[in-house]
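Novice: Just passing along the structure, written as structure tokens.
The values are calculated or read from the model by the stated rules, or taken from the named source; none is laboratory data. Not measured: the values here are computed from a predicted model. Cβ placement follows ideal geometry from the backbone for every residue including glycine, while neighbour counts extend to all protein chains displayed.
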């Protein structure tokens with residue numbers, strides 16, 4: 001009797017719990033990427049890229065062929081995520097499996113209209129959505145084009161992930177980052193962007209390239225695009241710069257200097273006097289001179305000082321311009337100045353929260369750049385043609 | 001506190017064995033008489049229809065003086081002729097037999113059943129006219145195998161001697177390693193018909209006397225008609241006979257026995273079996289190879305960790321593959337999941353059936369490999385390897401990842417150095433695989449917990465099977481997780497521990 005009871009109890013453990021979602025791996029359709037577009041009548045147009053599992057035959061035949069038939073694309077129109085999912089599942093003979101999706105592309109047009117309802121809800125509920133999925137804007141054109149693009153290497157989403165991971169000076173935002181920005185006080189979102197690139201000669205293959213950053217305002221509407229150079233400054237301001245290249249013209253027509261930044265950090269200091277807020281931004285960087293097209297000799301400490309000063313001034317000026325653009329033109333606080341106030345003085349933040357979007361445009365900031373130039377011995381002075 | 005299971009006393013089997021008992025047993029009180037003809041009649045009665053029993057009569061002055069009885073196949077004939085028959089024949093009469101015979105081991109008795117028992121141990125019986133005291137002379141001449149390298153526990157560095165089927169040789173091999181009077185050997189006979197000699201050995205002073213008492217008690221309670229291998233004894237004295245894990249360590253190597261005796265264990269030698277039993281056994285002694293102690297300690301430690309790692313592979317590798325590919329596809333990197341899915345595209349079976357099929361075929365290959373005559377062994381290897389490795393994958397019956405997993409599992413199994421522990425591990429793979437196929441990773445966790453609960457609660461002669469790791473003792477770091485250099489080991493030498501630890 002005792003053993004019978006034990007066996008019954010064990011059976012309860014086995015039947016009542018556990019994962020009864022057994023699914024053979026070859027009954028799944030692996031979604032590698034999603035693209036969301038806006039149709040002319042204001043509906044959502046969702047495209048999925050599905051991977052064709054690398055088959056044994058493909059492997060052994062090797063050689064040419066390559067990417068041919070490594071993926072296919074299905075799309076559907078709808079107004080909500082559920083509707084889209086249902087329509088897409090109907091088009092797929094196998095169960096759609098989203099855990100391996102690496103990128104969600106959003107078209108610029110949809111982003112300008114606002115991505116609030118299109119994105120936030122669908123992706124939050126299903127636990128099979130990876131929070132590590134990258135959110136990427138597609139600059140110009142339709143997002144689906146980028147999924148249909150035939151890339152010479154692997155499928156586009158996988159390559160986009162590579163691009164995002166290797167990059168040190170791009171805005172890389174995953175679903176998780178996006179949700180965190182969205183839920184935290186006083187910060188607006190910014191997403192990295194890609195666009196269709198060159199077409200390869202004599203083949204249908206086409207490239208894509210990263211295309212700066214899209215910045216959003218408080219209503220999650222895209223307000224403007226930044227170019228590659230501005231993106232680097234923005235990433236530095238956000239204190240996320242891992243490495244990057246900066247070039248600057250030296251004063252007095254000395255010429256141009258190229259610098260590789262190895263380490264970069266930013267500190268934003270909030271200064272609150274009564275009811276006005278000021279920000280002091282300190283950008284610090286450590287780098288090596290990569291290119292020296294000037295007549296300055298790096299080995300000479302005095303001339304190195306000139307180089308350092310010249311670089312710092314250029315960067316300072318560019319960052320100030322960028323801040324002005326973000327404040328006045330795009331009205332996007334993607335650096336998170338509001339958040340700085342919230343962290344330093346929550347009481348004050350609660351008071352001004354309501355008007356922050358307008359106040360932000362008038363806030364004064366001062367930028368200070370502090371560069372350390374290492375490895376001067378590697379470059380020396382410019383090669384001079386003997387006369 | 002040490003806890004022992006009660007000795008095995010099978011009262012209900014007693015009557016079965018009683019009814020089978022032989023003349024030798026029944027006539028325990030029968031004594032020889034002074035009449036030599038009468039004494040001969042006793043033997044003739046006992047050995048009716050036994051053509052290999054020889055009665056050699058020796059007359060002096062045409063009177064029957066001596067009768068030599070022996071079993072032809074069990075004695076050394078040369079010795080018999082040279083040192084027994086020759087001196088007896090040459091004598092003039094009047095001398096006692098023990099004055100004439102020059103053989104080391106002699107006994108004398110007037111008890112018939114005792115004397116008959118001696119006959120089977122290679123003694124020749126000498127009956128003297130007019131004397132009720134019967135003399136036996138030990139001249140064993142049973143043919144035996146030469147000492148070879150043990151096939152089940154080969155080592156690269158270390159002694160290459162292995163036990164053989166003869167008890168006295170085996171004892172000698174241990175004696176050669178422990179030249180001390182503290183090395184005790186207690187003999188007893190088990191088996192109604194087989195009358196197998198079983199010897200309990202231990203090192204007095206190092207061993208825990210309670211364990212010796214327990215071994216003695218459990219051996220004495222064995223009632224069986226025949227012992228053909230020490231495996232019989234092992235099953236009788238185990239604490240938990242229904243466990244897949246062996247609780248008695250069996251080895252073919254005299255150096256292992258000597259080492260274990262030095263650690264205070266008890267070894268049981270069984271005549272006609274090359275396997276010596278050692279108790280108490282722990283899981284960790286099953287994971288150690290004797291070679292660990294003969295090679296340098298850093299590599300020995302590393303190899304030991306490899307074994308720990310691959311024991312897990314041996315049990316869980318196929319289960320993990322099945323669980324992850326059928327329940328948790330999100331855990332596999334994208335590129336890998338696509339190639340696994342691609343290779344499974346043509347396969348008609350679910351992953352679990354596929355893995356089970358391959359595991360069963362692999363076990364069949366292993367079994368066939370043991371049974372197969374040496375001449376056709378390579379054929380099976382090629383056929384098995386080609387058919388399973390190549391053809392089955394190309395035909396689309398089995399996917400390539402499963403073949404890889406099964407091969408890894410097969411290799412992993414054989415990293416466990418002890419044959420009997422290895423067998424237990426081989427068996428556990430299947431229930432875990434089944435759990436994984438029905439419940440996914442949750443099932444594997446359940447299986448792992450089940451195994452751990454069982455293993456940590458097992459006891460072998462009062463020692464916890466998982467000690468010294470559970471309960472954790474410092475000695476675990478000395479001789480389980482790492483193999484410390486031997487000179488340090490002696491520095492930290494601890495006395496036998498009463499609380500379940502093995503040292």
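Novice: Does residue B:125 qualify as being in a strand (DSSP E or B), surrounded by 13 or more Cβ atoms within 10 Å (Cβ to Cβ) and not assigned by TED's automatic domain parsing to the domain that holds residue B:195?
Specialist: Considered against the rule, which asks whether it is in a strand (DSSP E or B), surrounded by 13 or more Cβ atoms within 10 Å (Cβ to Cβ) and not assigned by TED's automatic domain parsing to the domain that holds residue B:195, residue B:125 comes out as yes.
Novice: Within the range A:287-304, track down each residue that is loosely packed, with under 15 Cβ neighbours inside 10 Å, farther than 20 Å from residue A:244 by Cα and touching a residue at least 12 places away in the same chain (Cβ under 8 Å).
Specialist: Within the range A:287-304, A:295, A:299 meet the criteria.
Novice: Scan B:42, B:55, B:51, B:70 and give me the residue that is part of a loop (DSSP other than H, G, I, E, B) and at pLDDT 85 or above.
Specialist: B:51 is the lone residue from the list that is part of a loop (DSSP other than H, G, I, E, B) and at pLDDT 85 or above.
Novice: Identify the residue in the range A:269-283 that is in contact with a strand residue (DSSP E or B) (Cβ under 6 Å, 6 or more places away or on another chain) and buried (at least 20 other Cβ atoms within 10 Å of the Cβ) and, among all such residues, is farthest from residue A:295 (Cα to Cα).
Specialist: My answer is A:281.
Novice: If a residue has to be outside any helix (DSSP H, G or I), away from chain A (no Cβ under 14 Å) and surrounded by fewer than 14 Cβ atoms within 10 Å (Cβ to Cβ) to count, how many in the range B:359-396 make the cut?
Specialist: Looking only at that region, the number is 1.
Novice: Hey, another quick one. Give the residues of the range A:89-105 that are away from chain B (no Cβ under 14 Å) and surrounded by fewer than 18 Cβ atoms within 10 Å (Cβ to Cβ), sorted by residue number.
Specialist: A:89, A:90, A:91, A:92
Novice: Also: Of all residues in the range A:59-88 being within 14 Å of chain B (Cβ to nearest Cβ), surrounded by fewer than 18 Cβ atoms within 10 Å (Cβ to Cβ) and not in a loop (DSSP other than H, G, I, E, B), which is modelled with the lowest pLDDT?
Specialist: Taking the candidates together, the pick is A:61.
Novice: Now for a different question. Which of the residues that make up the range B:338-356 are in a helix (DSSP H, G or I) and either touching a helix residue (DSSP H, G or I) at 6+ places or on another chain (Cβ under 7 Å) or modelled with pLDDT of 90 or more (or both)?
Specialist: Selection gives B:340, B:341, B:342, B:343, B:344, B:351, B:352, B:353, B:354, B:355, B:356.
To keep it simple, each residue is scored yes or no on (1) at pLDDT 90 or above; (2) within 24 Å of the chain's Cα centre (by Cα).
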| residue | (1), (2) |
| --- | --- |
| A:320 | yes, yes |
| A:331 | no, yes |
| A:334 | no, yes |
| A:337 | no, yes |
| A:340 | no, yes |
| A:343 | no, no |
| A:346 | no, no |
| A:351 | no, no |
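Novice: Within the bounds of the range A:109-116, is there any residue that is away from chain B (no Cβ under 14 Å), surrounded by 15 or more Cβ atoms within 10 Å (Cβ to Cβ) and either in contact with a helix residue (DSSP H, G or I) (Cβ under 8 Å, 6 or more places away or on another chain) or modelled with pLDDT of 90 or more (or both)?
Specialist: The answer is yes, given that some residue of the range A:109-116 is away from chain B (no Cβ under 14 Å), surrounded by 15 or more Cβ atoms within 10 Å (Cβ to Cβ) and either in contact with a helix residue (DSSP H, G or I) (Cβ under 8 Å, 6 or more places away or on another chain) or modelled with pLDDT of 90 or more (or both).
Novice: Okay, next question. When you go through A:158, A:146 one by one, which is the residue that is under 19 Å from the mean Cα position of the chain (by Cα) and away from every other protein chain (no Cβ under 14 Å)?
Specialist: Answer to the selection: A:146.
Novice: Let me confirm something: among B:226, B:231, which residue is free of Cβ contacts under 8 Å to residues at least 60 places away in the same chain and more than 23 Å from residue B:417 (Cβ to Cβ)?
Specialist: Exactly one residue qualifies, and that residue is B:226.
Yes/no per residue for (1) more than 18 Å from residue A:30 (Cα to Cα); (2) within 7 Å of chain A (Cβ to nearest Cβ); (3) more than 44 Å from the chain's Cα centre (by Cα):
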{"position": "B:324", "(1), (2), (3)": "no, no, no"}
{"position": "B:327", "(1), (2), (3)": "no, yes, no"}
{"position": "B:330", "(1), (2), (3)": "no, yes, yes"}
{"position": "B:333", "(1), (2), (3)": "no, no, yes"}
{"position": "B:338", "(1), (2), (3)": "no, yes, yes"}
{"position": "B:342", "(1), (2), (3)": "no, yes, yes"}
{"position": "B:354", "(1), (2), (3)": "yes, no, no"}
{"position": "B:357", "(1), (2), (3)": "yes, no, no"}
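Novice: Among the residues in the range B:305-317, are any in a helix (DSSP H, G or I), more than 29 Å from residue B:478 (Cβ to Cβ) and over 31 Å from the mean Cα position of the chain (by Cα)?
Specialist: no
Novice: Select from the range B:454-477 the residues that are modelled with pLDDT under 90 and in contact with a strand residue (DSSP E or B) (Cβ under 8 Å, 6 or more places away or on another chain) and write down the one among them that is farthest from the other protein chains (Cβ to nearest Cβ).
Specialist: Per the criteria, the residue is B:471.
Novice: Can I ask one more? Out of curiosity, is residue B:155 crowded, with 18+ Cβ neighbours inside 10 Å and assigned by TED's automatic domain parsing to the domain that holds residue B:217?
Specialist: No: the conditions fail for residue B:155.
Novice: Return a yes/no flag: does the range A:28-43 have any residue that is modelled with pLDDT under 85, surrounded by fewer than 19 Cβ atoms within 10 Å (Cβ to Cβ) and either part of a helix (DSSP H, G or I) or on the phi > 0 side of the Ramachandran plot (or both).
Specialist: Yes, that holds for at least one residue.
Novice: Have a look at B:219, B:203 and point out the one that is surrounded by fewer than 21 Cβ atoms within 10 Å (Cβ to Cβ), at pLDDT 90 or above and closer than 20 Å to residue B:288 by Cβ.
Specialist: The match here is B:203.
Novice: Among the residues of the range B:435-453, are any assigned to a helix (DSSP H, G or I), within 14 Å of chain A (Cβ to nearest Cβ), surrounded by fewer than 17 Cβ atoms within 10 Å (Cβ to Cβ) and under 27 Å from the mean Cα position of the chain (by Cα)?
Specialist: Looking for residues that are assigned to a helix (DSSP H, G or I), within 14 Å of chain A (Cβ to nearest Cβ), surrounded by fewer than 17 Cβ atoms within 10 Å (Cβ to Cβ) and under 27 Å from the mean Cα position of the chain (by Cα), one finds at least one in the range B:435-453, hence yes.
Novice: So residue B:402 fits all but one of (1) at pLDDT below 90; (2) more than 10 Å from chain A (Cβ to nearest Cβ); what number is the exception?
Specialist: Looking at each condition in turn, residue B:402 falls short on (1).
Novice: Determine which single condition residue B:223 fails, assuming it passes every other condition in (1) in contact with a helix residue (DSSP H, G or I) (Cβ under 7 Å, 6 or more places away or on another chain); (2) within 18 Å of residue B:264 (Cα to Cα).
Specialist: Against the list (1) in contact with a helix residue (DSSP H, G or I) (Cβ under 7 Å, 6 or more places away or on another chain); (2) within 18 Å of residue B:264 (Cα to Cα), residue B:223 comes up short only on (2).
Novice: Please determine whether any residue of the range B:299-309 is over 19 Å from residue B:442 (Cα atoms) and at the interface with chain A (Cβ under 10 Å from one of its Cβ atoms).
Specialist: no
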